[in-house]
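Below is one structure, written out as structure tokens, with a few remarks after it.
The values are calculated or read from the model by the stated rules, or taken from the named source; none is laboratory data. As the structure is a prediction and not an experimental result, all values here were calculated from the model. Cβ: placed from backbone, ideal geometry, glycine included. Neighbour counts: every protein chain shown. Please note that ligands, DNA and RNA were not included when accessible areas were found on the heavy atoms of the full protein model with its side chains. Shrake-Rupley method; radii C 1.70, N 1.55, O 1.52, S 1.80 Å.
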Amino acid sequence: MKSYSSGYNPDSDVREVGVRIEFLGDNSGLTLETEDIISMELTEGLDITCESFPSRSIKLKAIDSLGLSFATMETDYVGARFEAYVGINGEYVSVGKYYIDEIDTPDLGLTVSIVASDRVKTYMDKYMTGLYTSSAISMSTLIASPSGALSGIDTYCDSETLGAMVFPNMLTTVDSQRNCLLKLAQAAGMASVWVDRDGVVHIERLPIQTGYVATITSDNVLDYSGLTLGSHTDYVEITGENSGEEFGATWGTYTRGCLAEFLENDFVYAPYALIIAWNYYVMKNQRFELTLKTRCNPALEPGDRLMVLKPGGSEIGEFLLTSQTIHFDEDGLWAKLTLNAPSPTDS
């Protein structure tokens, strides 16, 4: 959760909301203010099942007061970097740094449409690298002396992930930094991996965390309608190969018609395969999903644990915020939150 002042109150009855875009690097000093922004849609999240490494994206439509759509050899804004802020009653919270992927001007420069994404898509997806150790190694040791896919990034791990043993053995092969980090997170006990708004790579076993950082009350909820219980995963299987040796482990019972999941990962340390299979089984069964339309608290981030209350004030329960889409347009500011928890019947 992003920090804010003691007077910050996203749930106040009267709110003045805004969006600000501040360009960085060579374009420092260029700013789009609330009066320039026609609409914004920002999407950020993480994969609670640990099967993907999502990126953050933002779509903007604005009055082109800066001439962004008129690129020249000297001023091509595709690839330019900016930081986005969302404000409530004058207090602005950073919602991340982005790189422009596309610029479009549908009306000869009166307005400009921008599509941008974070470093996961812009750099980690394109940087081909690897990760090699000659034997099994703890995550804490690996991160303390970063090389290959871990080079040039800031990393945060929870204590359980830091103690995990992994065995990346890419001596003659390469892959994208994004895929290498995903495989490493899976091998470290099926941890989720994502980049936060400050550019830090998180590798964390989220369901084992406890305690919530904020409470969602009916004052902040516009729609409670999305409550679903997903299918139960009955069986998982982990396989892989490193140093010329194949390994495998399973959890659950495989029967005709069961829901089964299979994962191949060559970064797994073979003696830990059974633990990883169990953790994968647990992650796949975080199947209680709650979708809320809220008035938006921009300080909330994916990975935050939240207590959600019913309109009468009683508890629905404690959930993990796995994704959110923040919207700003002529109707104001609102957000769609996706939250996950284990099914009460699985606990």
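Tabulated results
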quantity	calculated
Selection status of Asp223, touching a strand residue (DSSP E or B) at 6+ places or on another chain (Cβ under 9 Å), modelled with pLDDT of 95 or more and among the acidic types (Asp, Glu)	no
Residue satisfying all of: in the range 143-176; in contact with a Ser or Thr (Cβ under 7 Å, 6 or more places away or on another chain) and more than 17 Å from Met190 (Cβ to Cβ); most open to solvent (accessible area, probe 1.4 Å) among these	Val174
Conditions (1) open to solvent by 50 Å² or more (accessible area, probe 1.4 Å); (2) in contact with a helix residue (DSSP H, G or I) (Cβ under 6 Å, 6 or more places away or on another chain); (3) at pLDDT 90 or above: number failed by Ser65	(3)
Criterion: out of contact with any strand residue (DSSP E or B) (no Cβ under 6 Å at 6 or more places or on another chain), modelled with pLDDT of 95 or more and among the hydroxyl-bearing types (Ser, Thr, Tyr) - qualifying residue of Ser52, Ser28	Ser52
Of all residues in the range 265-293 being under 30 Å from Asp219 (Cα atoms) and of a type in the set (Lys, Arg), the one that is modelled with the lowest pLDDT	Arg287
Cβ pairs under 7 Å, 6+ apart, first in the range 44-58 and closer than 16 Å to Met190 by Cβ and of a type in the set (D, E, K, R), second open to solvent by less than 20 Å² (accessible area, probe 1.4 Å) and assigned to a strand (DSSP E or B)	Asp47/Ser192
Phe70 vs. criteria of a type outside the set (Ser, Thr, Tyr) and over 30 Å from His202 (Cα atoms)	yes
All strands (runs of 3 or more DSSP E) inside the range 234-347 with 3 or more residues being touching a residue at least 24 places away in the same chain (Cβ under 8 Å), touching a Leu at 6+ places or on another chain (Cβ under 6 Å) and within 26 Å of Asp158 (Cα to Cα)	315-329, 332-341
Any hit, the range 251-274, residues being farther than 19 Å from Ile316 by Cβ, of a type in the set (Lys, Arg) and surrounded by 18 or more Cβ atoms within 10 Å (Cβ to Cβ)	no
Residues satisfying the stated conditions in the range 166-221, i.e. of a type outside the set (A, V, I, L, M, F, W, C), more than 15 Å from the chain's Cα centre (by Cα), in a loop (DSSP other than H, G, I, E, B) and closer than 21 Å to Arg305 by Cα	Gly189, Gln209, Thr210, Gly211, Tyr212, Thr217, Ser218, Asp219, Asn220
Members of the range 26-51 found to be open to solvent by less than 50 Å² (accessible area, probe 1.4 Å) and assigned to a helix (DSSP H, G or I), listed by number	Asn27, Thr34, Asp36
